[in-house]
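Derivation of every value follows stated rules applied to the coordinates shown; laboratory data play no part. Given the structure is predicted, the values throughout are model-derived calculations rather than measurements. When we count neighbours, we look across all protein chains shown, and the Cβ atoms used for this are built from the backbone with ideal geometry, even at glycine.
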Amino acid sequence: MLRSLARRAALPALLLALAACRDTTAPLTERPAPPAGGPSLAATPAWAEARALWVSRFEYDSPTKIALIMQKAADANFNVVYFQVRGAGDAFYKSSLEPCSVGLCGHLGGTPTWDPLAVAIQEAHSRGLQLHAWLNAFAGWGAGSTTSCGYLKESDPGNPRHMLLAHPEWKVVDNAGVTHPCPNPEEYVYVSPGSAGARTHLARVAADVARRYAVDGVHLDRIRLPGTKWSHDKASLAAFGKDPAAYPTDWANFRRSLINLAVKEVYDSVGAVKPKLPISGAIWQIYQDKWGWNSSQGYSQYYQDPYAWARGGYFDVGVPMTYYTITSTYCAFTDWACLLDDHVARLQTNGGRHTYIGIGAKNGAAEVERQIKLARQQGAKGVSIYSYGTVESNGIWSVLKAGVFAQKASVPPQHWKTPCCTDIVVDNNNTRNNTAVAYAEASSNWTTATTTAGYYGVDYRYASTQSISDPHTFWFYLPAGGSRTVSAWWTSGSNRSSTAPYIVYDASGTRLATVYANQQANGGRWNALGTYTFTAGWNKVQLSRWTTSGYQVIADAIRVQ
């Protein structure tokens with residue numbers, strides 16, 4: 001993450017300073033349009049988006065606090081929690097591979113009296129939340145101060161030894177041959193991805209968590225080197241086999257490839273234990289500075305290339321740490337809207353994976369809401385808010401629940417891991433739908449009933465026919481375009497319309513057909529409306545009321561095969 005662990009005491013002052021200089025921008029409706037060639041994905045509906053919340057290891061200290069965190073997240077209609085359990089080669093859970101953290105046991109390598117990860121899973125799942133284990137990847141030890149450095153000590157007898165004590169050769173080395181010291185300005189002593197042992201250890205830790213705990217995903221952080229002068233350690237130099245100074249481009253590409261390899265080894269190791277478990281990552285806010293901002297960039301400064309991971313098929317969700325604001329000019333310095341479009345285009349459009357765009361709660365409730373709306377508009381598969389403590393201190397819970405998160409949402413399916421959408425039924429009653437792929441929407445003018453037998457599920461809806469634009473909409477999600485057959489179910493009767501208009505649209509909003517169904521007959525069964533070529537995204541079938549008056553139209557369910 002982009003947090004300094006050693007400067008926690010200064011956080012309130014920092015937040016005040018940020019608030020004082022926060023950009024005051026034009027309303028969302030005045031946002032300049034992105035240039036041609038930007039993302040063309042359809043908007044993400046509010047009912048089918050990931051709503052993640054980062055919870056750092058500094059934000060909980062007891063089972064009671066964890067329960068409170070999960071309750072507040074659930075009450076505000078979040079659906080994913082990234083819960084940090086590995087900070088710097090230590091464990092906030094019971095582990096035979098890494099020592100108990102200072103924060104959990106009071107000193108490194110003690111014996112824990114309780115298990116934060118186990119508690120978090122139980123508390124999250126009991127409230128319908130996904131719980132993803134958040135692991136810092138290459139952060140070896142906190143190096144923000146001499147005090148934090150002094151906490152790195154041998155474990156109690158019989159407990160796992162810290163990796164930097166067991167393997168000091170895993171530390172990164174700079175271009176002058178100096179091993180990463182403690183303290184240092186990079187916040188941590190970093191571990192080199194050029195060490196096969198360090199990569200294997202990380203993969204074992206991730207797989208161990210996946211194997212022994214009912215987590216819903218593994219979330220990596222600090223998946224990078226600390227800067228361009230690192231890591232000239234012996235293992236990396238030997239594997240490169242050339243003089244880095246003579247081959248600077250090759251040397252940069254080589255270090256990126258080592259980080260790529262580490263991510264792939266985690267992905268493969270976790271996949272061997274639980275193939276459907278998603279791997280996500282907190283990625284640098286700016287991939288490449290193509291706008292001339294003279295800013296930091298993950299690709300060239302930290303050798304982080306999440307788009308290679310996505311294209312390579314060993315990464316599922318990118319979560320950019322974009323804690324900026326939307327500027328009044330599109331793609332002005334660190335414009336959040338510009339970065340949103342860039343990440344969605346790279347990771348989703350070109351990479352075929354999901355983006356949960358990062359949002360900084362430090363910017364206040366109005367900005368958070370504005371960014372969530374824009375993320376939906378631009379097709380991001382979700383958002384991730386940093387962090388629990390800042391949401392709490394800024395009083396954002398109630399604003400979310402009353403506004404952009406008023407409606408519950410389901411996490412979008414990752415169809416490359418879990419096949420979906422081959423046979424979709426959209427019921428009129430959303431309690432019976434998997435709203436990640438199926439959703440019904442209607443105004444209050446549509447009445448729920450069970451009067452006539454033969455309905456699908458537990459009920460149906462009806463409305464009177466008249467010349468009014470008030471359709472019942474059946475939404476369904478397809479991960480890829482293709483030909484599908486649509487059928488409808490209704491209850492029949494003499495008061496039903498014999499020309500009930502079903503209007504079929506693809507995800508781009510193009511009308512594919514209007515089919516007039518005789519609902520006076522063939523009730524209590526599936527009736528084919530036709531076969532159509534749909535596009536990837538949220539397609540829909542609308543049952544219109546606009547037909548011969550004096551009858552009823554019945555919205556019960558549709559099926560897409």
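Which distance in Å, rounded to a whole number, links the C-alpha centroids of the range 363-440 and the range 41-103?
17
Report, ordered by chain and residue number, the aspartates and glutamates lying within cross-link reach of Lys417, taken as a straight Cα distance under 14 Å and ignoring same-chain residues fewer than 8 apart.
The reachable aspartates and glutamates, counting only those whose Cα sits under 14 Å from Lys417, are Asp216, Asp268, Asp316.
Label points 7 Å out from Cα along the Cβ direction at Ser498 and Glu392: separation in nm?
Reported label-point gap for Ser498 and Glu392 is 6.6 nm.
So how far apart, in nm, are the two label points at Thr448 and Thr329 if each is 7 Å from Cα heading toward Cβ?
5.2
On a 0 to 90 degree scale, rounded to 10, what angle separates helix 11-20 from the longest Cα axis of the chain?
With both axes taken from Cα atoms, the answer is about 60 degrees.
In terms of modelled amide H atoms, which long-range or inter-chain residues lie less than 5 Å from the amide H of Trp490?
Hits under the 5 Å cutoff: Gly524, Arg525.
Please tell me which of these pairs span more than 22 angstrom C-alpha to C-alpha: Lys381/Lys401; Lys274/Lys401; Lys381/Lys540?
Values: Lys381/Lys401 19 Å; Lys274/Lys401 33 Å; Lys381/Lys540 19 Å.
Lys274/Lys401, as the Cα separations exceed 22 Å there.
Compute the acute angle (0 to 90°) between the alpha-carbon long axis of helix 248-273 and the principal axis of greatest extent of the alpha-carbon atoms of the chain; round to the nearest 10°.
Taking Cα atoms only, the helix is inclined about 60 degrees.
From the phi angles alone, apply the Karplus equation (6.51, -1.76, 1.60; θ = phi - 60°) to the range 527-532 and give each ³J(HN,Hα) in whole Hz, x where the residue is Gly or Pro.
Working through the residues one at a time gives 10, 5, 8, x, 10, 9 Hz.
Report, to the nearest 10°, how far helix 365-377 tilts away from the longest principal axis of the Cα atoms in the chain, using its own Cα long axis and a range of 0 to 90°.
Compared with the principal axis, the helix lies near 60 degrees.
When only C-alpha pairs under 8 Å and at least 6 residues apart count, what is the relative contact order of the range 440-543, in percent?
Values: 218 pairs, mean separation 35.1, N = 104.
It rounds to 34 percent for the range 440-543.
Which number do you get for Rg(Cα) / (2.2 N^0.38 Å) in the range 424-560? Numbers along the way, then the final one.
Numbers: Rg = 13.7 Å, N = 137, 2.2 N^0.38 = 14.3 Å.
In units of the globular-protein estimate, the range 424-560 measures up at 0.96.
Defining a contact as two alpha carbons under 8 Å apart and six or more residues distant in sequence, what relative contact order in percent does the chain show?
After rounding, I find 14 percent.
Answer rounded, prolate or oblate for the range 5-402, using the Cα gyration tensor with square roots of eigenvalues a ≥ b ≥ c: rounded when a/c is under 1.5, else prolate when a/b is larger than b/c, else oblate.
It comes out oblate by the Cα gyration axes.
Given the pairs Lys234/Lys264; Lys171/Lys276; Lys94/Lys153; Lys94/Lys234, which are separated by over 30 angstrom at their Cα positions?
Working: Lys234/Lys264 22 Å; Lys171/Lys276 33 Å; Lys94/Lys153 19 Å; Lys94/Lys234 33 Å.
Cα-Cα > 30 Å for Lys171/Lys276; Lys94/Lys234; rest within.
Based on the Cβ-Cβ distance of Ser62 and Ser296, what FRET efficiency does E = 1/(1 + (r/R0)^6) give at R0 = 35 Å, to the nearest 0.05? Write out the running numbers ahead of the final one.
Values: r = 36 Å, r/R0 = 1.04.
So, using R0 = 35 Å, E works out to roughly 0.45.
Students often check this: by mean Cβ neighbours within 10 Å, which of 403-410, 274-281 ranks highest, and how do the rest follow? Mind showing how you got there, number by number?
On the way: 403-410: 16.8, 274-281: 19.1.
Highest mean packing first, the order is 274-281, 403-410.
Dipole size in debye (nearest 20) for the chain around its Cα centre, Lys and Arg Cβ +1, Asp and Glu Cβ -1? Mind showing how you got there, number by number?
Numbers: 50 positive and 40 negative charges, 123 e Å.
Using only the charged Cβ atoms, the result is roughly 600 debye.
Go through 318-327, 151-160 and give me the packing order, highest mean Cβ count within 10 Å leading. Intermediate results must be reported in sequence, preceding the final value.
Working: 318-327: 24.4, 151-160: 14.4.
Sorting 318-327, 151-160 by mean packing, highest first, produces 318-327, 151-160.
Please list, ordered by chain and number, the residues whose modelled amide H lies under 5 Å from the amide H of Leu512; skip anything fewer than 5 residues away on the same chain.
Residues meeting the amide H criterion: Val504, Tyr505, Asp506.
Sequence gap at least 6, Cα distance under 8 Å: using those rules, report the relative contact order of the range 141-195 to the nearest whole percent. Please list the in-between numbers first.
Numbers: 65 pairs, mean separation 24.3, N = 55.
Relative contact order here is 44 percent.
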